[in-house]
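S.K.: My questions all concern the structure below.
Values in this text are rule-based calculations from the coordinates and carry no lab data. Computed from a predicted structure; not experimentally measured. We place every Cβ from the backbone using ideal geometry, glycine too, and count neighbours over all the protein chains shown.
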Amino acid sequence: MTTQDLGTYAKNTWCPGCGNFAILNSVKAVLKSMQDEGTPLENVVLVSGIGCHAKIVDYINVNSFYSIHGRVPPVAEGIKLANPNLKVIGFAGDGDAYGEGIEHLIFAAKRNIDITMIIHNNRVYGLTTGQYTPTSPLGFKGRSTPKGTIEMPINPLELMLASGATFLARGFSHGIEQLKKIFREAINHKGFALVDVLQVCVTFYNMYEYYDKRAYQLKDHNPQDYSEALNKIREWNYHDDSKIALGVFYKKETETFEQRLSSSKKEIIDASPDIQRIL
Amino acid sequence: MLGGKAGFGIDRSATALGRLLNKLGYRVYIYRDYPSVIRGGHTFSIIRASRERIAAYKNKVDFILALNQETLDLHKSRLKKDCMCIYDSDQVKVPPDGCCLAIPLSKLLKEENAPEIMRNTCIIGALAKAIGIDFVILEEVLKKEFTKDIDLNIRIAKLGFNEAKELIRIEPLSQKSLPLLTGNQAIALGLVKGGLRAYISYPMTPASPILHYLANIADDFGLDVIHPESEISVILMALGFAYAGKRAAVGTSGGGFCLMTEGLSLSGMAEIPIVIILGQRPGPSTGLPTYSAQTELHFALNAGQGEFVRFIVAPADAEESYYWSAVALELSWKYQIPSFILSDKELGESTFNFDASRIGTIPEQKPFLWDKKSSYQRYKLTENGVSPLTFPPVENGIIKVNSYEHDESGITTEEPEQTTLMQEKRLRKEKFLAEELEKIKALNLYDGKNNDIALLCWGSNKGVCVEVGQRLGLKVIQPVVINPFPVRQFKEAIAETKKVICVENSATGQLPKLIKLYGFNSFIKILKYDGRPFSVEELEEKVRACLAARG
């Protein structure tokens, strides 16, 4: 199968130049290489929320659950717990994951459940045509904030680190080779992995030039070191015009939620005798 | 009746008392009344025993067991002329008139250096003596009921037993004793019977005991029992389980269900089976958290945006809870729809006898599975609207579910023709489900001497209605399935009836409002909305007044 075959008949409706194409093509390439290395793609389930990002599941010909706004983590967690052999990859926008559904993200990280979350962070609501999101900078002028926002953005990676995520990285939609590398590593990571992708919305918030000037690759960084990871994550607060690091900030192997849960998986065909015993 | 403060262990002791009477062959029902506090506040239980099956409480009681003065002060009206009372003479300063046993519980406990909570065991011991039960029988019951400090509990019970004297003698009956279950336990076991693999819930009275009970038996049945961050997460996680092929249920009350409605609608659109236990309590909003109501019938019927098929059942006792919970799970998977078990605090937390012989065979409902030969489409159009199911990982089948309108493969569409086809496909299931339900008993009918007049009830009200119906010779009609409503069975049940009195724990009458849609009108309503279920005397009086007033 070529990456071409991983597509579907669905017509792509993203704007030309949309940062989502970089994510789509990277994911397809990673899936293809996973398949080449012996992971049958039927073992993969993609989950998406609602927003421009979410259409990605229509464009990839593997199992998928096109869910609702903000709720990608609990759906992905349910699937993973029901069958821990599945590779579950969640896609969500910044409004979706960091706004509407932030509590789910925090708890999924807290549980260290083995799912991968890829956040299409364009720092603007695209599908609802241009409002500010939790990661828009202070003063962002959107359709709901014509005079500019009056609140600071959150730093999602800092929040995720504090919540217990065991794999944290940042990518950029101008850099498909790095995206592939990070996605692969995130998917292979055993535990909760989140990749914050600076995915540019060309229509409502075109940040290509801004990011191109400031983005740099993490070098000589030890992702096993919590403090070092925290320092690097704090270097840019999604508002100030500082340098923006790309790459893997944090990576730690520890027991997952499903490993702790799976102590008692007994297959029951007919529960009646056991019910009788209780009565 | 046994009363004291929250934290005294009233609940556990009420169950032990129930088991004691049950062991003698009596049919038992336990009503629980407690405030929304952890310590303090008045808590009581009414334990009722009868030769016949019962599922309601009476206001007047034969015995009061008082662990404090407040119990006697608050429940004066329950005392019958010949009521007997056993009280803690270390606490109660103003005992009632009449036949009383004063037991110095705290003093007796000191003899054994026992914790204060064991005043319960001590007073149970005194009661056993007072009603002429052999200590060996009590000992057996205590051994089953208490897991901690059994020997000490037995010694304490013996002290109470020895301190009391026999007032009456309750003779054992020759009939076989039956297991005792709360409605919540019966719902839990019914779900397990129906093939439950995962129970996901956020604590909320009155559904929390299901979560606790299933968490305790999870290992025996290989269940995943999970308590996530919110009810929103609960239902979405359950849908994830179901997508991957594991039968899942969730349980909550009205407030938690408010948060679940977007997930419910997703279940309707994506055609993912889910069972929702909705334990009703008085609202709006926080309302009376630990009390009972029947006010979410229309909420369950109408919750969630859009139009989709749902199955709603309202069981009334332990057997119905068991049977219908199993059926709800099976039907949910057969039709790929959400199912509701409409319970309430009264059903969930009261204790009933469980008579397995009264439970019909649970009809086998196989889900429609993909044959793995034809090409797979998650939303393939079929005659009855049900598409073949399969679960990941599966070779040569790509399983796409979607909250957006979608085509047969699960890919998003906004085309008008596709939209129409898919909407019709999903709704088509209702007709087949309704036909199936008309073939099984979806409504209970209890004949009376006078079939001109009927009491109409649903859910936990059945027990009291059947008892009052028997006393007054009235027919009782109890629809168990609420949606799709068993119209044919209801028509037959109501055919000869001239007057219908609907009894409900709500302020507006939710069932009459529903039945009106099917063309049945002009019911007399007896409503109660103070959080407490009807007692037998109260309902009898109200029905009598109705009969007298309207001729």
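S.K.: With the alpha-carbon atoms as the only input, what is the per residue convex hull volume for the range A:180-279 in Å³?
M.R.: Normalising the Cα hull of the range A:180-279 by residue number yields 220 Å³.
S.K.: Hey, rough spin-label estimate for residue B:59 and residue B:162, points 7 angstrom out along Cα→Cβ, what's it come to in nanometres?
M.R.: If labels sit at residue B:59 and residue B:162, their model points lie 4.2 nm apart.
S.K.: Taking Cα atoms, how many degrees apart are the long axis of helix A:102-111 and the longest axis of chain A, rounded to 10 and kept between 0 and 90?
M.R.: Roughly 50 degrees, rounded to the nearest 10.
S.K.: Could you work out how much longer the chain between residue B:94 and residue B:151 gets when fully extended? Use 0.36 nm per residue separation minus the Cα distance between them, nm to one decimal.
M.R.: Taking residue B:94 through residue B:151 to full extension adds about 17.2 nm, to one decimal.
S.K.: Stretched out fully, how many nm does the piece from residue B:381 to residue B:212 gain, at 0.36 nm a residue minus the Cα gap?
M.R.: Value of the extension gain: 56.7 nm.
S.K.: Another question, then. Using the Karplus curve 6.51 cos²θ - 1.76 cosθ + 1.60 with θ = phi - 60°, work out ³J(HN,Hα) for each residue of the range A:64-73 in order, rounded to whole Hz, and write x for Gly and Pro.
M.R.: 7, 10, 7, 9, 10, 4, x, 10, 4, x
S.K.: Let me ask something additional. Quick one: Kirkwood hydrodynamic radius for the range B:413-537, alpha-carbon pairs, angstrom, one decimal?
M.R.: After inverting the pairwise mean of 1/r, the radius is 16.0 Å.
S.K.: Next question. Going by how many other Cβ atoms sit within 10 Å of their own, how do B:414, A:100 line up, fewest first?
M.R.: B:414, A:100
S.K.: May I pose another question? Counting residues in the range A:91-162 as N, plug N into 2.2 N^0.38 Å and put the Cα Rg over that result.
M.R.: Cα-based Rg divided by the globular estimate yields 1.16.
S.K.: Take the Cα pairs of the range B:180-358, get the Kirkwood Rh, then feed it into Stokes-Einstein at 10 °C and 1.306 mPa s and tell me D in µm²/s.
M.R.: This corresponds to a translational diffusion coefficient of 102 µm²/s.
S.K.: While we're looking at this one, here's another question. State, in angstrom, two size descriptors of chain B derived from its alpha carbons: Rg to one decimal place and Dmax to the nearest whole number.
M.R.: Rg and Dmax of chain B, Cα atoms, are 25.4, 82 Å.
S.K.: Where in the range A:186-220 does the amide nitrogen come within less than 11 Å of the point 7 Å from the Cα of residue A:228, taken along Cα to Cβ?
M.R.: Taking a point 7 Å out along Cα→Cβ of residue A:228, the residues of the range A:186-220 whose backbone N falls under 11 Å are A:219-220.
S.K.: Indicate, rounded to the nearest 5 percent, the antiparallel portion of the DSSP beta bridges found entirely in the protein assembly as shown.
M.R.: For the protein assembly as shown, the DSSP antiparallel bridge percentage is about 25.
S.K.: Oh, and also: In the range A:29-159, if the dipole is taken from +1 on Lys/Arg beta carbons and -1 on Asp/Glu beta carbons about the Cα centre, which of A:46, A:118, A:97 is farthest to the positive end?
M.R.: Checked the options; the winner is A:97.
S.K.: Please work out the Kirkwood hydrodynamic radius for the range B:293-414, using every pair of different C-alpha atoms, and report it in angstroms with one decimal place.
M.R.: Computed over Cα pairs of the range B:293-414, the Kirkwood hydrodynamic radius comes out at 17.1 Å.
S.K.: In degrees, nearest 10, range 0 to 90: what is the angle between the Cα axis of helix B:536-550 and the longest Cα principal axis of chain B?
M.R.: Helix B:536-550 sits at roughly 70 degrees to that axis.
S.K.: Moving on to the next point. Using the alpha-carbon atoms, what tilt in degrees (0 to 90, nearest 10) does helix B:318-335 show relative to the longest principal axis of chain B?
M.R.: 10
S.K.: Could you give the spread of the C-alpha atoms of the range B:27-139 along their three principal axes, from largest to smallest, in whole angstroms?
M.R.: 41, 35, 31
S.K.: Still on this model: Which of the residue pairs A:87/A:251; A:28/A:232; A:190/A:251; A:110/A:190 have a Cα-Cα distance greater than 20 Å in the structure shown?
M.R.: Violating the 20 Å Cα-Cα cut-off are A:28/A:232.
S.K.: How large is the Kirkwood hydrodynamic radius of chain A, counting all unique pairs of alpha carbons, in Å?
M.R.: Its Kirkwood hydrodynamic radius stands at 19.3 Å.
S.K.: Taking each residue in B:397-406, count the Cβ atoms of any other chain within 10 Å of its Cβ, then average. What number comes out?
M.R.: Averaged over the peptide's residues, the number is 6.
S.K.: Restricting attention to the alpha-carbon atoms of the range B:354-450, what are Rg (one decimal) and Dmax (integer), both in Å?
M.R.: 19.0, 64
S.K.: Along the charge dipole of the protein assembly as shown, Cβ charges K/R +1 and D/E -1, which of B:323, A:188, A:233 sits furthest on the positive end?
M.R.: Going by the charge dipole, the pick is B:323.
S.K.: Related question: Return the Cα extents of the protein assembly as shown along principal axes one, two and three, sorted largest first, each rounded to a whole Å.
M.R.: 92, 65, 54
S.K.: Report the full-extension gain for the segment residue B:175 to residue B:102: residue separation times 0.36 nm, less the Cα-Cα distance, to one decimal in nm.
M.R.: Between residue B:175 and residue B:102, full extension yields an extra 22.9 nm.
S.K.: Count, for each residue of B:190-196, the Cβ atoms from other chains sitting within 10 Å of its Cβ, then give me the mean as a whole number.
M.R.: The per-residue average across the peptide is 3.
S.K.: So how far apart, in nm, are the two label points at residue B:419 and residue B:77 if each is 7 Å from Cα heading toward Cβ?
M.R.: Each label point lies 7 Å from its Cα, and together they span 5.7 nm.
S.K.: Here's another thing I want to ask about it. List the residues, sorted by chain then number, that are 5 or more residues from residue A:64 or on another chain and whose placed amide H is less than 5 Å from its amide H.
M.R.: A:46, B:399, B:400, B:401
S.K.: How many partner chain Cβ atoms sit within 10 Å of a residue's Cβ in peptide B:225-237, on average, as a whole number?
M.R.: So the per-residue partner count for this stretch is 6.
S.K.: For the residue pair residue A:177 and residue B:496, what label-to-label distance in nm results when each label sits 7 Å from Cα along the Cα-to-beta-carbon direction?
M.R.: Label-label distance for residue A:177 and residue B:496, simple model: 8.9 nm.
S.K.: Turning to a different aspect of this structure: Quick one: which of B:76/B:143; A:32/B:429; B:58/B:144; B:334/B:373; B:193/B:429 span more than 30 angstrom between C-alpha atoms?
M.R.: Those over the limit are B:76/B:143; A:32/B:429.
S.K.: Next question. Compute the label zone of residue B:298 within the range B:318-343: residues whose backbone N is under 19 Å from the point 7 Å along Cα-to-Cβ.
M.R.: So the set is B:342-343.
S.K.: Just how large is the dipole of the range B:2-163 about the Cα centre, in debye to the nearest 20, putting +1 at every Lys and Arg Cβ and -1 at every Asp and Glu Cβ?
M.R.: Value, rounded to 20: 540 debye.
S.K.: Now for a separate question. If you project the alpha carbons of the range B:329-376 onto the principal axes, what extent comes out on each, in Å, largest first?
M.R.: Here the spans come out as 51, 25, 10 Å, largest first.
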